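The values are calculated or read from the model by the stated rules, or taken from the named source; none is laboratory data. In this text, all values refer to a predicted model and were calculated from it rather than measured experimentally. Using ideal geometry, Cβ is built from the backbone for each residue, glycine included, and neighbour counts are taken over all protein chains shown.
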Amino acid sequence: MAEKERFLWHLRRIMKKNPLIYKIYHTLNNFLYWKILVVIKTFIYKNFLKFPSDGLNTSEKRTEKIIVSLTSYPARIDDVPYAILSMLRQTMKPDKIILWLGTGKFPDDKLPEIFDRVKASGVEIKFREDLGPHTKYFYAVQEYPDDIVITVDDDHIYDRNLIERLYKSYKNHPGCVQALTVSRITFDDNGNMNKYVDWEYAYAGNPGSTSHEYIAFGIGGVLYPPHSLPPETFNLEAMKRLSPRNDDIWLKFMEIMNGTKVTAAASSTQLAGSYIYGCSAEFALRNTNDRQGENQIQLDAILNEYPALADIIRKDSGVIKVAQ
């Protein structure tokens, strides 16, 4: 890692332990570095771009279809069309885009008028039991087990080459989950897994490498190859009990259970898109999880349930556990 990146990583690590300082840092960072660009991009998407009629693949025959899957909820429903629009403008067209919405979240399943244009572009909207952040992968992976599923977040406008970049990485590492944004799970000098807040956030080193120590984050888009997740992934009782509010951690340990590594498809400092400006509750879930320590609670619960999985990461990282 470059010296500047190492300094910034340590600075973030210190600040994450103080939620107030961390929030101030993020606010300043947003305004100083890319807020203006975010405002401009959001304005263009909302006022000038139309939903294309040719945003899905209809000409190329693929052995494995590419399914883009995402979810949303009422507070963000006015913004998610623009995340979808960015997926309809990809250099490599998906075969399907499916928006999964929670049954009962919307009265009579009625959505804002803009969704008439969303559906006219070929996007499918399906109502299922709401599983929080897990909704975006849970149904798609099961209903399309032999296809590629790419999950994206509902609060981002993604770069036009997102699918192409993930797919190229997949062709080089076909058995691995592909992610443009990863963190690296780290260990202390005794070989004990560090706390969640002490992992190497937004890992910047060795793009193109694969490892069990990488954890994929949905913020940058994640590609799941066919059969890359084990049946335990869909154990609703276990998922709701152990990790109801963090799909990234749950999926990470399910991947390990299946022997599936993660590819750092790019340096995580290279953003795959930008937030939709003004998107409701922009940082709500992340801040709540960090402030209340929910991420660590859910991580501990998973490790207690499946203790052998930590050893697999440790072995892949070359870490030696010191007897205590």
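Structure summary
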quantity: Residue pairs meeting the criteria (Cβ under 6 Å; at least 6 apart or on separate chains; first over 20 Å from GLU237 (Cα atoms), in segment 301-324; second assigned to a helix (DSSP H, G or I)); calculated: ALA310/LEU303; ILE312/ILE256
quantity: Qualifying residue in segment 207-218 (condition: of a type in the set (A, V, I, L, M, F, W, C) and in contact (Cβ under 8 Å) with a residue 60 or more places away in the chain); calculated: no
quantity: Test: residue in segment 203-218 that is assigned to a helix (DSSP H, G or I), under 17 Å from the mean Cα position of the chain (by Cα) and of a type in the set (Gly, Ala, Ser); calculated: yes
quantity: Members of segment 67-82 found to be closer than 15 Å to LEU56 by Cα and hydrophobic (A, V, I, L, M, F, W, C), listed by number; calculated: ILE67, VAL68
quantity: Selection count where residues are small (Gly, Ala, Ser) and either part of a helix (DSSP H, G or I) or touching an Asp or Glu at 6+ places or on another chain (Cβ under 8 Å) (or both), scope segment 110-131; calculated: 1
quantity: Residues satisfying the stated conditions in segment 212-243, i.e. on the phi > 0 side of the Ramachandran plot and either touching a helix residue (DSSP H, G or I) at 6+ places or on another chain (Cβ under 7 Å) or polar (S, T, N, Q) (or both); calculated: GLY221
quantity: Residue in segment 245-261 that is surrounded by fewer than 21 Cβ atoms within 10 Å (Cβ to Cβ), modelled with pLDDT of 95 or more, basic (Lys, Arg) and out of contact with any strand residue (DSSP E or B) (no Cβ under 7 Å at 6 or more places or on another chain) present; calculated: yes
quantity: Single residue of segment 132-170 satisfying the filter (assigned to a loop (DSSP other than H, G, I, E, B) and of a type outside the set (Asp, Glu)) that is nearest to LYS41 (Cα to Cα); calculated: ARG160
quantity: Matching helices (runs of 4 or more DSSP H) fully within segment 1-100 where at least 1 residues are modelled with pLDDT under 90; calculated: 3-15, 19-29, 35-47
quantity: Single residue of segment 97-153 satisfying the filter (of a type in the set (Gly, Ala, Ser) and surrounded by 15 or more Cβ atoms within 10 Å (Cβ to Cβ)) that is nearest to LEU223 (Cα to Cα); calculated: ALA140
quantity: Failed item in (1) touching a strand residue (DSSP E or B) at 6+ places or on another chain (Cβ under 7 Å); (2) buried (at least 23 other Cβ atoms within 10 Å of the Cβ), with PHE187 passing the rest; calculated: (2)
quantity: Pick from segment 278-307, criterion of a type in the set (Ser, Thr, Tyr) and either touching a Ser or Thr at 6+ places or on another chain (Cβ under 9 Å) or not in a helix (DSSP H, G or I) (or both), ranking: modelled with the highest pLDDT; calculated: TYR306
quantity: Some residue of segment 77-96 being surrounded by fewer than 15 Cβ atoms within 10 Å (Cβ to Cβ), among the β-branched types (Val, Ile, Thr) and under 21 Å from the mean Cα position of the chain (by Cα); calculated: yes
quantity: Test: residue in segment 231-242 that is of a type in the set (Val, Ile, Thr), modelled with pLDDT of 95 or more and under 15 Å from the mean Cα position of the chain (by Cα); calculated: no
